[in-house]
1. Could you give the length gained by full extension between residue 79 and residue 16, i.e. 0.36 nm per residue of separation minus their alpha carbon distance, to one decimal place?
2. Using mean Cβ contacts within 10 Å as the protection proxy, how do 69-76, 41-48 order, highest first?
3. Between residue 32 and residue 72, what FRET efficiency comes out of the Förster formula 1/(1 + (r/R0)^6) with R0 = 22 Å and r the beta carbon distance, rounded to 0.05?
4. I need the per residue convex hull volume for the stretch 27-88, using only the alpha carbons, in cubic angstrom as a whole number.
5. Excluding residue 57 itself, what net charge comes from residues whose Cβ is under 14 Å from its Cβ, given Lys and Arg +1 and Asp and Glu -1?
Amino acid sequence: MKTHREPLGHWWLLQRITAAFPIPTILIANVSTLILLNILLFWHIHVGIEEILADYVHHEVTRNLILILLRVFCLIIIKYVFVFFVFQ
């Protein structure tokens with residue numbers, strides 16, 4: 001039973017922090033906080049999709065491959081978001 005509590009605690013902490021922390025960041029809107037906001041947004045998305053994959057994709061190799069591709073995709077999107085903020 002202990003093995004099921006650790007991932008739940010991990011999810012609970014990361015999901016809740018990344019979901020609640022952008023609220024004060026929006027109120028103090030400058031360039032550095034917008035960058036932080038985008039990082040938190042993509043981290044929140046990544047943690048959520050990682051939990052969904054852990055629940056529904058049972059083959060470990062497939063799950064790890066999807067997670068690697070998700071991380072690469074998030075890095076590419078973050079790059080374009082930062083370029084958009086810098087040139088605007």
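1. That works out to 20.2 nm of additional length.
2. Working: 69-76: 12.1, 41-48: 16.9.
Sorting 69-76, 41-48 by mean packing, highest first, produces 41-48, 69-76.
3. 0.30
4. Dividing the Cα hull volume of the stretch 27-88 by its residue count gives 69 Å³.
5. Numbers: positive: 63; negative: 50, 51, 55, 60.
After counting each charged neighbour, the total is -3.
Computed from the coordinates by the stated procedures, all read-outs in this text should not be read as laboratory data. What you are looking at is a predicted structure, and each value in this text was computed from that prediction instead of being measured. Cβ sites come from the backbone with ideal geometry, for glycine too, and all protein chains shown count toward neighbours.
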